[in-house]
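What follows is a set of notes on a single structure, which appears directly below.
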Amino acid sequence: MDLIFAMAPQGGDAGGGSMISTLVMFGAIFAIFYFMIIRPQQKKAKEREAMLGELKKGDKVVTSGGLHGIVSGLDEKTCLIDVGGNVKMKFDRTAIANIVKPKES
């Protein structure tokens with residue numbers, strides 16, 4: 001208990017050192033948020049943009065709604081997906097969750 005009282009600031013002295021330590025703490029918190037939250041999200045967004053950019057006709061895809069199909073046509077913002085039985089549906093490119101890679105045996 002004596003240690004806690006010894007660490008408490010003494011009254012009457014409004015030193016500038018506490019302001020610097022507060023700024024250092026805010027800087028440290030920002031750095032933690034940047035490396036733990038912001039940077040991984042930016043990396044994931046870049047990977048997604050690259051995946052959508054290399055989308056081509058004939059790729060097997062899964063949409064964000066869970067629909068499986070094969071890309072049969074591409075536009076700048078949309079793609080035509082063949083879901084089987086001569087049924088083709090038009091989706092936004094952003095609706096594509098991932099490209100299914102064939103399994104290697």
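Here are a few things to note about the model shown:
- Fewest-first ordering of Val87, Val62 by other beta carbons within 10 Å of each residue's beta carbon gives Val87, Val62.
- Computed 3J(HN,Hα) for the stretch 45-53, one whole-Hz value per residue from the Karplus formula 6.51 cos²θ - 1.76 cosθ + 1.60 where θ = phi - 60°, is 5, 5, 5, 5, 4, 5, 5, 5, x, glycine and proline marked x.
- Across the stretch 35-56, the residues whose backbone nitrogen lies under 18 Å from the label position 7 Å along the beta-carbon direction of Lys77 are 49, 52-53.
- Along the stretch 82-95 the Karplus relation, 6.51 cos²θ - 1.76 cosθ + 1.60 evaluated at θ = phi - 60°, assigns HN-Hα couplings of 8, 9, x, x, 6, 9, 10, 10, 9, 10, 5, 4, 5, 7 Hz to successive residues, with x for each Gly and Pro.
- Counted residue by residue at 0.36 nm each, then reduced by the alpha carbon distance between them, the extension gain from Glu49 to Ile99 reaches 16.8 nm.
Just so you know, all these numbers are worked out from the coordinates, no wet-lab data involved. From a predicted model like this one, the values you see are computed outputs, not experimental measurements. Glycine gets a Cβ as well: all are built from the backbone with ideal geometry, and neighbour counts include every protein chain shown.
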